[in-house]
Every structure is written in structure tokens, then in C-alpha cells.
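This report refers to the structure that appears directly beneath it.
The values are calculated or read from the model by the stated rules, or taken from the named source; none is laboratory data. Note that the structure is predicted; figures quoted are calculated from it, not measured. Note that each Cβ is placed from the backbone with ideal geometry, even for glycine, and that neighbours are counted across all protein chains shown. Note: accessible area is taken over every heavy atom of the protein model, side chains too, but ligands, DNA and RNA are not part of it. Shrake-Rupley method; radii C 1.70, N 1.55, O 1.52, S 1.80 Å.
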Amino acid sequence: MDVQPNDHVLEIGCGPGAGAELICSRLETGKMFAIDRSESGVDRTKRRCQRFIEAGRLTVRQIDLATLRVPVKRLHKVFAFNVNLFWVRDASAEIALLHERVLPGGSVFLFFEATRRDQVPTIVENASKALAEAGFRVSIVDQKQPSVIGIIGKR
């Protein structure tokens, strides 16, 4: 994702906090906002990343993406790992919300473990279609080892 020290980053579905920890370790003046619908995910991220919260680099909230309130045109990067929302149902409202909040030149990165290769075409088709319909330029990364699919929407 080429995280820069001054980036403003949103993680959707922070789970155990591994992504937040990696990203926050690269931020200096930048900030990260991590959300998860799960109380246990939020608690685990807060415990794992307490030093970044105390340093003012990380905010963690239990919230659904659809109800997110982030200032318009504020985010450089948004990412999600294994968040099924983007391929199992219509996520056009959530993706439109992201398009409003990502700065021109910013990106949305949707990563999925691709251990079930039979699901990959559906994941790629649904997630990339939603991003494209919202106005993102879409590219796909299909990595075999480890098996991960990346659908990237550039604003």
C-alpha cells in the first residue's frame, strides 16, 4: 500500500489489530482510524496497539462502515482484509461513502485470502464492479504464495 509517514488511513474490520500495528509503525504525522463491528475485535486492537493510541496516531471504534463519520476528502488510503461485505452483497452505499472521503489520488485496497480459488472470480467481479461504479479506477493483484487477491480502487 506504500504507506507514507503523513498518510491518513482507514482500516475496515481491524480484528486482532495486526494491520493497525503494521500501519501505525510507519506513521509519523499521519493518523489511522480502525473500525470493526465486533466488540472483541476492537478490544483486541486496542490492547495490541495501546502505544499508538496513546501517541495519538490511532483511533479505534466499534462501528459499521455504513455509519462511519469521517470528514470528506480526508483519507489517503483505505484497506480491508477478508471483509466479505464487498463481495457477498451490494456494498454500493459503503463504497460511495469511501469515494467521498478518499482524497484524489488516494486508494481503497480490498484484500482477500484466496485459499478457495473457486471463489476468486466472484470476489474479483463483485468487488471491482462496485468500486468502478463508484468512480474508482480498478486494478487486480492475484498473488499465489501466499494466496491473496487484491482489488485496488484508485481515486
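Of note:
- Across the accessible surface of the chain, with the other protein chains kept in place and a 1.4 Å probe, carbon and sulfur atoms take up 50 percent.
- Counting only residues at least eight positions apart within a chain, or on another chain, the aspartates and glutamates with an alpha carbon under 16 Å from that of residue 46 are 11, 21, 36, 54.
- Separation between Cα centres of segment 76-138 and segment 1-63, rounded to whole Å: 19 Å
- Per residue, the solvent-accessible area of segment 1-61 (1.4 Å probe, heavy atoms of protein chains only, all protein chains present) comes to 51 Å².
- Of all DSSP beta bridges in the chain, antiparallel share, percent nearest 5: 40 percent
- Cβ-Cβ FRET estimate between residue 133 and residue 89, R0 fixed at 22 Å, reported to 0.05: 0.95
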